[in-house]
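Take a look at the structure set out below.
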Amino acid sequence: MNYQKLDAALAMALNNNAQTQQTQGLDVFINTESVLEPAATTVLENLGINDVNSGKDMFTAKLSPTAISQLSEQPWVKYLKLSQNLRLVSNKLGSRKLGV
């Protein structure tokens, strides 16, 4: 695995819970070269990624640690980043009102 292509959150997730992620997978962003060769397109499509064309360079997928390791070794992959759930931040203004 090429850890230089993984963001810190993805590397930690892979190291912490590898056994449970093997069955469930991790949601990741895959950043690639802008122009993909047919072999690269085939690899992405085999991983279940839809709408792979040479104009796109960012893809999302739910991948196993094995698939992440294989992708990190590909020269056309720039980096892999863990997708994280976002939560709403409640903005408690109380009785204060914003003026214009």
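Scanning segment 53-67 for residues that are at pLDDT 85 or above and in a loop (DSSP other than H, G, I, E, B), we see that the one that is farthest from Leu6 (Cα to Cα) is Lys56.
Considering segment 28-60, the residues that are open to solvent by less than 20 Å² (accessible area, probe 1.4 Å) and in contact with a strand residue (DSSP E or B) (Cβ under 6 Å, 6 or more places away or on another chain) include one that is farthest from Ala11 (Cα to Cα), namely Ile49. For the criterion of being open to solvent by less than 70 Å² (accessible area, probe 1.4 Å), among the aliphatic types (A, V, I, L, M) and at pLDDT 90 or above, Ala18 fails. Listed by first and then second residue, the pairs with beta-carbon distance under 9 Å, at least 6 apart or on different chains, first residue in segment 68-89 and part of a strand (DSSP E or B), second open to solvent by 90 Å² or more (accessible area, probe 1.4 Å), are Tyr79/Gln4; Leu82/Met12. Pairs please, first residue from segment 35-46 and closer than 11 Å to Gln74 by Cβ and touching a residue at least 40 places away in the same chain (Cβ under 8 Å), second anywhere and among the hydrophobic types (A, V, I, L, M, F, W, C) and outside any helix (DSSP H, G or I), Cβ atoms under 9 Å, 6+ apart in sequence or on different chains. Close Cβ pairs (under 9 Å, with a partner that is among the hydrophobic types (A, V, I, L, M, F, W, C) and outside any helix (DSSP H, G or I)) amount to Leu36/Val52; Leu36/Trp76.
The values are calculated or read from the model by the stated rules, or taken from the named source; none is laboratory data. Owing to the predicted nature of the structure, the values given are computational and were not obtained by experimental measurement. All Cβ positions, glycine included, derive from the backbone under ideal geometry; neighbour counts span all protein chains shown. Accessible surface areas use protein heavy atoms only, side chains included; no ligands, DNA or RNA. Shrake-Rupley method; radii C 1.70, N 1.55, O 1.52, S 1.80 Å.
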